[in-house]
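Remarks on the structure that follows.
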Amino acid sequence: MAKYRITQIEDYEQFIGSESVERIRGKAGKLKGLRVANFNSTYYGGGVAEMISSLTLLMNGLGLRTEWRVIQGRADFFSVTKKMHNALQGGEIDLSSIKKQIFEQVIYENSIRNFIEHDFVIVHDPQPLPLIEHYEKKCPWLWRCHLDLSQPNAKIWKYLRQWIDTYDAVIVSCPEYKQETKPPQRVFMPAIDPFTIKNRHLSDKEIDERLAHYKIPTDLPLVVQISRFDPWKDPEGVVKAFKLASKEVDARLVLLGNFATDDPEGEEIFNSLCACRDERILILTAGDDTALVNALQTRAAVVLQKSLREGFGLTVSEAMWKSTPAIGGNVGGIRYQIEDGVNGFLVSSVEEAAERMVQLLKNKKLREEIGSKGRETVREKFLLTRYVEQYLDLFGTFDKDFCLRE
Ligand code: UDP
């Protein structure tokens, strides 16, 4: 056997069947050798890097020459872009001219270092958006926005539209994120890679070993939320809900988080959460150990993703894939993954979250039923193969003038 290998489309046959594998292979065959460049702003931390990593490998496996480039920036650049990110999700922003200068200058500098000779350019999220301005356009450019765009702040939207409108297509994660734009829009929901260390099957022994390594006791059922330390993920609400539920059930909460290089807010939120630590509430920052993420999602009695805004929420599908019941905030992309009361629960308040926690923790049969429906949902709708196929279909739909044939 070769020393190194990457996941190939045929590895998915066990999940999606041979017909789907052949269909995808056929579509990719027509695009063999196509050169695709992806630009985003972080190598790791957050769902976008996670997906680009797996997607670019699978596409290469399918014969498309797919690259991944990460733009460089200093702390002040990422501080500005995080504010833009928040404003695109509805927050306020003071869009001063200095912020605009920092943003635009850094992107210009990145364009100097990046040479593009591709057949498609995919730009992820707002950070690298203005790149397009600095190239002679020789191929279709796609803006892939992963954020919850349902109510963008008007100021930021107006400012960014000067670039958005020069793209050839916009891809958003949910139908309600579509906004008025010049380019046509498509909806691609995110998806997970079942072969990564984060998502592959772990044995009980492997799980025990990981949990022991981080001194996570297993004497009580675990309630887990795994998220960047970000206000939209509502870690405080999770702690409150857990404290309420604890009046009725014995359990332990684990909040695991990491810090993305393009997200300067994490540190502060983490520090404020630490005040809540006690024997039943663990706040951990070992989130870059993806085997630990897997171990927690697999072993948890309940996984929470109590977001107040959520572009999609990969952690929900990750938990469902492991047959662990998930309770998600009734927002954004979480609503497309969880059908309330069928394969998980949707909640809109701390009290509701606490109630569902209690209900699940008290009822093993319910956990198993919901868990197995969750896995089936992900198998059908949220595996990477569906996502790759959507890209292949999109690539195949552009004409020579970079227009999408409807
Ligand atoms: N994640 C992780 N460790 C952490 C926190 C998050 O590996 O401590 C991963 C998580 O498993 C998921 C991704 O980061 O794959 C987060 O994606 P999601 O869509 O849930 O949220 P985002 O961070 O993109 O807003």
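The values are calculated or read from the model by the stated rules, or taken from the named source; none is laboratory data. Since this is a predicted model, take the numbers as computed values, not measurements. FYI the Cβ positions are ideal-geometry reconstructions off the backbone, even for glycines, and counts take in every protein chain you see.
Collect the residues in the range 256-279 that are free of Cβ contacts under 8 Å to residues at least 24 places away in the same chain and in contact with a strand residue (DSSP E or B) (Cβ under 7 Å, 6 or more places away or on another chain), keeping them in residue-number order.
Correct list: CYS274, ARG277.
Look through LEU284, LEU304, LEU308 and report the one residue that is within 11 Å of the ligand (Cβ to nearest atom) and among the aliphatic types (A, V, I, L, M).
Answer to the check: LEU284.
Using the structure shown, decide if ARG65 is of a type in the set (D, E, K, R) and modelled with pLDDT of 95 or more.
Here the answer is yes, as ARG65 does meet what is asked.
Having 1 or more residues that are of a type in the set (Lys, Arg) and within 14 Å of the ligand (Cβ to nearest atom) is the bar; report the helices (runs of 4 or more DSSP H) wholly within the range 140-246 that clear it.
204-213
Check whether at least one residue in the range 13-29 is within 16 Å of the ligand (Cβ to nearest atom) and among the small types (Gly, Ala, Ser), and report yes or no.
Step one: filter the range 13-29 for residues within 16 Å of the ligand (Cβ to nearest atom), giving none.
Taking every residue of the range 13-29 in turn, none turns out to be within 16 Å of the ligand (Cβ to nearest atom) and among the small types (Gly, Ala, Ser).
Enumerate the pairs (first residue in the range 280-295 and closer than 15 Å to ARG228 by Cβ; second residue anywhere and of a type in the set (Lys, Arg) and within 7 Å of the ligand (Cβ to nearest atom)) with beta-carbon separation below 6 Å, excluding pairs fewer than 6 apart on the same chain, so at least 6 apart or on different chains.
Cβ pairs passing all conditions: THR290/LYS198; VAL293/LYS198.
It is to be established whether one or more residues within the range 13-28 are at pLDDT below 95 and either part of a loop (DSSP other than H, G, I, E, B) or in contact with a Phe, Trp or Tyr (Cβ under 9 Å, 6 or more places away or on another chain) (or both).
Checked the range 13-28: no residue is at pLDDT below 95 and either part of a loop (DSSP other than H, G, I, E, B) or in contact with a Phe, Trp or Tyr (Cβ under 9 Å, 6 or more places away or on another chain) (or both).
Would you mind finding the one in THR385, THR377 that is farther than 15 Å from VAL303 by Cα and either in a loop (DSSP other than H, G, I, E, B) or in contact with an Asp or Glu (Cβ under 9 Å, 6 or more places away or on another chain) (or both)?
Working: THR385 fails: either in a loop (DSSP other than H, G, I, E, B) or in contact with an Asp or Glu (Cβ under 9 Å, 6 or more places away or on another chain) (or both).
None of the other options fit; the residue is THR377.
Hey, could you check the range 196-213 for residues that are within 18 Å of GLY374 (Cα to Cα) and out of contact with any Lys or Arg (no Cβ under 9 Å at 6 or more places or on another chain) and say which is surrounded by the most Cβ atoms within 10 Å (Cβ to Cβ)?
Looking at the filtered set, the residue picked out is LYS198.
Taking only the range 190-219 into account, find how many residues are closer than 29 Å to VAL331 by Cβ, among the aliphatic types (A, V, I, L, M) and touching a helix residue (DSSP H, G or I) at 6+ places or on another chain (Cβ under 6 Å).
Residues flagged as closer than 29 Å to VAL331 by Cβ, among the aliphatic types (A, V, I, L, M) and touching a helix residue (DSSP H, G or I) at 6+ places or on another chain (Cβ under 6 Å) within the range 190-219 amount to 3.
Of the conditions (1) at pLDDT 95 or above; (2) under 18 Å from THR385 (Cα atoms); (3) in contact with a Phe, Trp or Tyr (Cβ under 9 Å, 6 or more places away or on another chain); (4) assigned to a helix (DSSP H, G or I), ASN60 clears all except one; give me its number.
(3)
Based on this model, can you work out whether SER272 counts as at pLDDT below 95 and farther than 17 Å from GLN297 by Cα? Break it down stepwise before answering.
On the way: at pLDDT below 95: yes; farther than 17 Å from GLN297 by Cα: yes.
When the stated conditions are applied, SER272 passes them.
Residues being part of a loop (DSSP other than H, G, I, E, B) and away from the ligand (no atom under 16 Å from the Cβ): count how many of those fall in the range 263-281.
To start, the set of residues in the range 263-281 that are part of a loop (DSSP other than H, G, I, E, B) comprises 263-265, 275-277, 279-280.
Pick out the ones that are also away from the ligand (no atom under 16 Å from the Cβ) and you get 275-277, 279-280.
Number of matching residues: 5.
Determine, yes or no, whether VAL316 is within 12 Å of the ligand (Cβ to nearest atom), touching a helix residue (DSSP H, G or I) at 6+ places or on another chain (Cβ under 6 Å) and assigned to a strand (DSSP E or B).
Values: within 12 Å of the ligand (Cβ to nearest atom): yes; touching a helix residue (DSSP H, G or I) at 6+ places or on another chain (Cβ under 6 Å): yes; assigned to a strand (DSSP E or B): no.
The answer is no for VAL316.
Kindly establish whether ALA260 is within 12 Å of the ligand (Cβ to nearest atom), among the aliphatic types (A, V, I, L, M), under 19 Å from HIS85 (Cβ atoms) and buried (at least 19 other Cβ atoms within 10 Å of the Cβ). Don't jump to the end; show me each part of the working.
Working: within 12 Å of the ligand (Cβ to nearest atom): yes; among the aliphatic types (A, V, I, L, M): yes; under 19 Å from HIS85 (Cβ atoms): yes; buried (at least 19 other Cβ atoms within 10 Å of the Cβ): yes.
So ALA260 fits the description; yes.
So which residues in the range 287-301 are near the ligand (Cβ under 7 Å from one of its atoms) and not in a helix (DSSP H, G or I)? Spell out the reasoning first.
Of all residues in the range 287-301, those near the ligand (Cβ under 7 Å from one of its atoms) come to 287-288, 290, 293.
Correct list: GLY287, ASP288.
When the range 30-55 is examined, which residues are found to be within 16 Å of the ligand (Cβ to nearest atom) and of a type outside the set (A, V, I, L, M)?
Taking the range 30-55 as the starting set, the residues that turn out to be within 16 Å of the ligand (Cβ to nearest atom) are 38, 40-55.
ASN38, ASN40, SER41, THR42, TYR43, TYR44, GLY45, GLY46, GLY47, GLU50, SER53, SER54 - these are the residues of the range 30-55 that are within 16 Å of the ligand (Cβ to nearest atom) and of a type outside the set (A, V, I, L, M).
Would you be able to tell me the number of residues in the range 319-351 that are more than 16 Å from the ligand (Cβ to nearest atom), in contact (Cβ under 8 Å) with a residue 24 or more places away in the chain and not in a strand (DSSP E or B)?
Total meeting the criteria: 7.
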